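Single-structure report; data block below.
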Amino acid sequence: MRAFAALLALATLPALAADSQDKVYEDMAVDLLQRYVQVDTTNPPGNELKAAQFYKAVLDKEGIPSEVDEFAPGRANILATLKGNGSARPLVLANHMDVVPAEPARWSVAPFAGVLKDGVLYGRGAVDMKSEGILHLVAFIRLKRENVPLARDVMFLGTADEENDFLGAIRALSPEGFGKQLRSAEYLITEGGENRLDATGKPLYFGVQAAQKGAYWLTLKASGRTGHGSRPIADSALNRLIRALERIRLWKTDLRVLPSVAKFCRDQVPQLRPPQSEWYQDIAKAIQDPAVAAKVYDDESISALLRNTVSITVVHAGTATNVIPGSVEAQLDVRLLPGQDPQAFLAQVRKVVDDPTVEVAPPPHFYQASESNIDTPLFKTIESVVRRHFPGIPVTTKMSTGATESALYRPLGIVAYGFTPLLMTQEEDASQHSDDERVRVATVRQASSIFFEVVAETARKP
Ligand SMILES: [Zn+2]
């Protein structure tokens, strides 16, 4: 009887066991996320030490040692490592623990209460990026509990201050932080991926962020004679600044197609109608036609991925209507493509301004645009796991126009991808940094299994 039962179990259990195991970790993910969003890590001031302690308490219970590095009062990073056999370099799961401020009066629920209603979890950080942090944590715990044989170390890293100055990641990479361990990594997964759904809730693509633009903010300054507003000065500081800004406004920066952007366009073809579907098949070729190039240039959904951009965002000038100001200033939000030399771009801006009396000053410090190779085993693993769960849905490469901590890791030779299997409608996605930030519990559950599979397969393989 016993033997028979065992045989029966052998015959039927594996599939069932996998499913019921998935459920254990899906429940764990939802429970932990609900508690984690209740840890208020609004930055400023951050208080990420509380989040690090939250993670540490969970890891302690699992018997996984971790190190909390409080590098400034209340500011901390946390690192935990599951040791591999050393045949491959480490994989890092990196998540920032801080969140942007929330205005409670604008929310329908308290932003730090972890309210769960109608299958939706609300809270500041529910999207950016406490849900991803919990996916990292649950995958990490599952590797340990299921004794997955590891070819490489897998590290769980929580950082402070991503939303402001990257102080946490900078510290983590320093010798005083976790620099020695982190710098040996081959792969790093963090935020930045974007998956798009259609109106019916079906995914159109999973987007891995393998490249991001660099923010290179410029300041324009002019000074000159002041005077009475009733007696105009033709070449006043403000008039010259306005002329410079107008030249910048009219300037068309060159269109340039990076390989990852060409792939992103191609991957969208099945969902598009002519003429876009024809152009996107080979966007580099299509924009050789000036008429197509002009249309693409004006299309906000793609334009910023194909060129260096300049937005005029700040102008400081004047204090009274009847006083001609003597010094004025404007700021430009410039975003450069990977591969663009900032000095060369600065020279181009000065040429466009074409007025030596208007100073164009570069930023005191900035992060270069960065790009990771997509021809890697990790990318292929993401593709194959996603294909298993969502047959026919492409995994594409969505360059980010904003910045994530990947900007710090890529220059060290670490392949850094923004990847999350969370599926969000455009509205849910837009709730990050906004009001009623929220994520559907169903996608958290499903994502926890998908993310684990990606991590386990990557960790197993040398
Ligand atoms: Zn974030």
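Per-structure values
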{"quantity": "Residues of the range 154-165 classified as away from the ligand (no atom under 12 Å from the Cβ), buried (at least 24 other Cβ atoms within 10 Å of the Cβ) and within 16 Å of the chain's Cα centre (by Cα), total", "calculated": "3"}
{"quantity": "Flag for E371 being under 19 Å from R307 (Cβ atoms) and touching a residue at least 60 places away in the same chain (Cβ under 8 Å)", "calculated": "yes"}
{"quantity": "A416 of a type in the set (A, V, I, L, M) and either surrounded by fewer than 17 Cβ atoms within 10 Å (Cβ to Cβ) or not assigned by TED's automatic domain parsing to the domain that holds T381 (or both)", "calculated": "no"}
{"quantity": "E132 within 16 Å of the ligand (Cβ to nearest atom) and either assigned to a helix (DSSP H, G or I) or free of Cβ contacts under 8 Å to residues at least 60 places away in the same chain (or both)", "calculated": "yes"}
{"quantity": "Verdict on P274 being surrounded by fewer than 14 Cβ atoms within 10 Å (Cβ to Cβ) and part of a helix (DSSP H, G or I)", "calculated": "no"}
{"quantity": "Scan of the range 114-129 for residues that are among the acidic types (D, E) and open to solvent by less than 10 Å² (accessible area, probe 1.4 Å), ordered by number", "calculated": "none"}
{"quantity": "Selection count where residues are modelled with pLDDT of 95 or more and within 16 Å of the ligand (Cβ to nearest atom), scope the range 408-430", "calculated": "8"}
{"quantity": "Check on T397, among the polar types (S, T, N, Q) and free of Cβ contacts under 8 Å to residues at least 24 places away in the same chain", "calculated": "no"}
{"quantity": "Where a residue in the range 233-259 is within 27 Å of G326 (Cβ to Cβ) and its partner, wherever it lies, is in a helix (DSSP H, G or I) and open to solvent by 20 Å² or more (accessible area, probe 1.4 Å), with Cβ under 8 Å and at least six apart", "calculated": "I233/N239; R247/V352; I248/V352"}
{"quantity": "For L306: the one exception among (1) open to solvent by 20 Å² or more (accessible area, probe 1.4 Å); (2) at pLDDT 95 or above", "calculated": "(1)"}
{"quantity": "Leading residue by the ranking (farthest from T396 (Cα to Cα)) among those in the range 277-302 that are open to solvent by 80 Å² or more (accessible area, probe 1.4 Å) and within 27 Å of the chain's Cα centre (by Cα)", "calculated": "D298"}
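The values are calculated or read from the model by the stated rules, or taken from the named source; none is laboratory data. Since this is a predicted model, take the numbers as computed values, not measurements. Every residue, glycine among them, receives a Cβ derived from its backbone with ideal geometry; neighbour counts consider all protein chains shown. Ligands, DNA and RNA are excluded from the accessible area calculation, which covers all protein heavy atoms including side chains. Shrake-Rupley method; radii C 1.70, N 1.55, O 1.52, S 1.80 Å.
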